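Accompanying notes for the structure given below.
The values are calculated or read from the model by the stated rules, or taken from the named source; none is laboratory data. It should be emphasised that the depicted structure is a prediction, and the values quoted were computed from it without experimental measurement. Note: ideal-geometry Cβ built from the backbone for every residue, glycine included; neighbour counts use all protein chains shown. Just the protein is used for accessible areas: all its heavy atoms, side chains included, with ligands, DNA and RNA removed. Shrake-Rupley method; radii C 1.70, N 1.55, O 1.52, S 1.80 Å.
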Amino acid sequence: MKKLIFLIILQLFNIGFSLAYAEDKDVRQPAVAGQFYPSNPNELSSYIDKLLQNVEDQSKILGKSQILAILVPHAGYVYSAQIAAYSYKLLINSDIDTVILIGNSHNFPLKRGAVDLNKIFLTPLGEVPVNRDIAKDILKKTQVLEENNYAHIPEHSLEVQIPFLQKVLKKNFSIVPVLLGQISLDECKQIGKAIADTIRERKLIGKTVIVISSDMSHFPSWANANLVDSATLKSLEKFDPKTLQETIGTYENSETPNLQCVLCGKESVYTGMYAAKELGADKAVVLKYSNSGNVSGDKSRVVGYGTAIFTKPLDKIKSGENPIKQSKEKTMSDFTISEKNQKELLNLARQSIENYLKNGKRTEFKTDDKQLLSNSAVFVTLTKNHNLRGCIGTTSAHLPLYKVVSEYAIAAAEEDPRFNPVTEDELKDIKIEISVLSPMQKIQNHDEIKPNINGVLIKRGLRSGLFLPQVWEQLPSKEEFMNELCWQKAGLEPDAWKKGNVDIYTFTVFAFEEK
C-alpha cells in the first residue's frame with residue numbers, strides 16, 4: 001500500500017514538472033535558485049566572489065601538473081559552497097571551455113545514466129549552452145547512458161555547480177550534464193572510458209574539466225562524520241575506484257549510528273575517477289573538508305563535504321594538448337588584431353551606424369576569419385571634434401568580435417543616455433575607436449591599479465561604473481580617476497573606492513581608431 005501511494009505521488013510530481021516546463025523544451029530552468037543559492041544575480045555573484053576570496057592561494061598544491069577533474073559538494077551554499085570554492089579557485093583564468101558535469105539523481109531511480117540534450121541550462125547569472133555534439137559522441141560509445149532531459153528538471157546536484165563555473169571560466173564555455181543512478185563499478189568504468197575517449201578524440205585535454213558532484217556522509221554525529229569522512233578521503237587519495245568502493249562498503253555495513261551513506265554520489269565519483277585515469281591523471285589531492293555541524297552548530301546529525309582535484313603531470317602532456325593555465329592577471333599585451341582586421345572592423349562599425357540611421361536595419365556581414373569570429377568584450381567610442389559623442393560596450397565576451405562591434409557601434413550612436421542620438425548629417429564628423437577588453441581581474445586593494453595601463457570597473461550592489469584606460473589621458477592622477485569613476489559613472493560617493501565596501505576590477509585593452 002505504501003509503495004502504491006509513493007508511486008501515485010511520484011506520478012503527480014512528474015506530471016506537475018512536465019506541465020511547468022512544457023513551454024520551452026530546449027531550456028532547462030533553474031530548479032533550486034532561491035533555495036540552495038541566491039536567486040538575485042548580483043547577490044549570487046557577490047556571494048561567490050567572497051567565497052573565492054576566502055580561499056588562500058592554492059597554486060603550490062598543483063606544482064607542475066594540470067587538473068583533469070574536481071570533486072565538489074552540492075548542498076545549499078551556506079553549508080558547502082565554501083568547500084567547493086577551494087577547487088573552483090584553481091580553475092580561474094584557465095583555458096577550459098568544456099565541462100563534463102557528473103552527479104547522481106536525487107529524484108528518480110535511473111537504470112541508465114541520463115544525459116541532458118537541452119540547448120541551454122539557465123541560472124540567475126545567465127545561459128550556459130549544452131554541448132550536444134560532445135554529449136552525442138559520449139552516448140554513442142556506451143549503452144549505459146541515454147538521452148533523458150526529464151530526470152534533470154528537479155535535480156540540484158549539477159545545477160549548484162553552474163554559477164561557480166560561470167564566475168571562474170570564460171563566458172563561452174559549454175557543459176555536458178550527466179546524471180547517474182545505482183550502477184555497477186564496471187558500468188562506471190564504461191562511462192568513464194566513453195567520456196575520456198571523446199575528450200581525447202576531440203583533442204580537448206586541457207580545455208575540458210570533469211566536475212564530480214557529491215556530498216559525503218549523511219546524518220551521523222559530528223564526531224562519527226569526521227571519522228568516516230577522514231577514512232573515505234584517505235582512500236580517495238589512493239586514486240583507485242575499487243579500493244574506494246571497498247572503504248565505502250566497510251562503513252555502509254558498519255553499525256555507525258544514523259549513517260545513511262558515505263558518498264551520496266559514489267557512482268559519479270567512481271566514473272569521474274575512471275575518466276581522469278584514462279586521460280592520464282595519476283594523483284588525487286584532497287583540498288578541504290568540513291561538515292554541516294560546523295556551520296549550523298547542530299552536531300547530532302550532520303552531512304559531510306569534501307573537495308579534491310585529480311591531476312596529471314605536465315611532463316606527460318603530449319603535443320597538441322593544452323595545460324590549464326594558473327590564475328594570473330590576463331592582459332592584452334600579447335594580444336593583437338591584424339591591421340587588415342582593424343580596418344575591417346572600423347569600416348563595419350561605420351557602415352553599421354550609417355545603415356541603421358538611414359533605414360533602421362542591421363548591416364549583414366559574413367566572415368570565416370577566426371580572429372573576427374572569436375567571442376570578445378568590446379567598447380565602441382565615438383568622438384566629434386575631439387569631444388566624446390557616445391561610448392557603449394560590454395565586459396562580457398558573449399558574441400563574435402565582428403558582431404559585438406557592429407551592435408555596440410549602433411548603441412554608441414543611438415543609446416548613450418548622456419547624448420542625443422547621432423544624426424546622419426553629423427556622422428561625417430564622427431571618429432570611431434574600438435577597444436577590445438581583456439578578462440576582468442578582481443583586485444583586493446586599490447593600490448593594485450596601474451595608472452595609464454588599467455581600465456577599472458567598480459561595483460557596489462546594483463551600482464557600477466567603468467572607465468577605459470584611455471580616460472587616464474583626461475584624469476592622470478589615480479585620485480581624480482577613481483573619484484570621478486565613483487561619482488560620475490557609478491553614482492557613489494567620490495571616495496567609495498577607498499572604503500573597502502566596493503568590488504574593484506581591472507582590465508587592459510587593445511584599442512585602435514580611425515585615422
- [ ] Determine, yes or no, whether V380 is over 25 Å from Q166 (Cβ atoms), touching a strand residue (DSSP E or B) at 6+ places or on another chain (Cβ under 7 Å) and buried (at least 18 other Cβ atoms within 10 Å of the Cβ).
- [x] yes
TODO: Go through the stretch 241-291 and give me each residue that's among the small types (G, A, S) and crowded, with 24+ Cβ neighbours inside 10 Å.
DONE: G265, S268, G272, A275, A276, A281
TODO: Could you list all residues from the stretch 220-230 that are surrounded by fewer than 20 Cβ atoms within 10 Å (Cβ to Cβ), farther than 16 Å from L71 by Cβ and of a type in the set (G, A, S)?
DONE: S221, A223
Open item on the list: Given the condition assigned to a helix (DSSP H, G or I) and within 28 Å of the chain's Cα centre (by Cα), answer yes or no: does some residue in the stretch 202-225 qualify?
Closed with: no
TODO: Please give the helices (runs of 4 or more DSSP H) falling wholly within the stretch 226-303 in which 3 or more residues are modelled with pLDDT of 95 or more and touching a Gly at 6+ places or on another chain (Cβ under 6 Å).
DONE: 266-278
- [ ] Identify all residues within the stretch 118-150 that are surrounded by fewer than 17 Cβ atoms within 10 Å (Cβ to Cβ) and aliphatic (A, V, I, L, M); write none if there are none.
- [x] I120
Open item on the list: Here is a check on your reading of the model: is P451 open to solvent by 50 Å² or more (accessible area, probe 1.4 Å) and either in contact (Cβ under 8 Å) with a residue 40 or more places away in the chain or in a helix (DSSP H, G or I) (or both)?
Closed with: no
Open item on the list: List pairs: first residue in the stretch 342-358 and closer than 15 Å to P421 by Cα, second residue open to solvent by 20 Å² or more (accessible area, probe 1.4 Å) anywhere in the structure, Cβ distance under 6 angstrom, at least six positions apart or on different chains.
Closed with: S352/T363; N355/K361; N355/T363; L357/E424
Task: Pairs where the first residue, in the stretch 119-137, is closer than 20 Å to I210 by Cα and aliphatic (A, V, I, L, M) and the second is open to solvent by 40 Å² or more (accessible area, probe 1.4 Å) and part of a strand (DSSP E or B), C-beta under 6 Å, 6+ apart - done: I120/E127; I120/P129
- [ ] Could you please tell me which pairs satisfy a Cβ distance under 6 Å, a separation of 6+ or placement on different chains, a first residue in the stretch 92-118 that is more than 30 Å from Q53 (Cα to Cα) and polar (S, T, N, Q), and a second residue that is in a strand (DSSP E or B) and open to solvent by less than 20 Å² (accessible area, probe 1.4 Å)?
- [x] S105/L179; N118/R28; N118/V130
TODO: Examine the stretch 394-402 for a residue that is surrounded by 18 or more Cβ atoms within 10 Å (Cβ to Cβ), touching a helix residue (DSSP H, G or I) at 6+ places or on another chain (Cβ under 7 Å), assigned to a helix (DSSP H, G or I) and at pLDDT 90 or above, and state whether such a residue exists.
DONE: yes
- [ ] Could you grab me the full set of residues in the stretch 33-54 that are polar (S, T, N, Q) and in a helix (DSSP H, G or I)?
- [x] N42, S45, S46, Q53
- [ ] Looking only at the stretch 240-252, decide whether some residue is of a type in the set (K, R) and out of contact with any helix residue (DSSP H, G or I) (no Cβ under 7 Å at 6 or more places or on another chain).
- [x] no
TODO: Could you pull out the residue among K366, K428 that is without any contact (Cβ under 8 Å) to a residue 12 or more places away in the chain, assigned to a helix (DSSP H, G or I) and over 28 Å from N54 (Cα atoms)?
DONE: K428
Task: Subset of the stretch 45-79 [of a type in the set (A, V, I, L, M), over 21 Å from F310 (Cα atoms) and buried (at least 21 other Cβ atoms within 10 Å of the Cβ)] - done: I48, A75
Task: Only listed residue being of a type in the set (A, V, I, L, M, F, W, C) and over 27 Å from the mean Cα position of the chain (by Cα), chosen from V509, V422, V436, V405 - done: V422
Open item on the list: Consider the stretch 484-515. How many of its residues are open to solvent by less than 40 Å² (accessible area, probe 1.4 Å) and in a helix (DSSP H, G or I)?
Closed with: 4
TODO: Working only within the stretch 197-219, note down all residues that are under 16 Å from D97 (Cα atoms) and either in contact with a strand residue (DSSP E or B) (Cβ under 6 Å, 6 or more places away or on another chain) or crowded, with 17+ Cβ neighbours inside 10 Å (or both).
DONE: T198, I199, L204, I205, G206, K207, T208, V209, I210, V211
Task: So L7, is it modelled with pLDDT under 95 and either buried (at least 16 other Cβ atoms within 10 Å of the Cβ) or over 23 Å from G192 (Cα atoms) (or both) - done: yes
TODO: Grab the strands (runs of 3 or more DSSP E) fully contained in the stretch 67-148, keeping just those with 1 or more residues being over 16 Å from the mean Cα position of the chain (by Cα).
DONE: 98-104, 113-115, 145-147
Open item on the list: Please pick out the residue among K370, K340, K361 that is within 23 Å of E426 (Cβ to Cβ) and open to solvent by 40 Å² or more (accessible area, probe 1.4 Å).
Closed with: K361
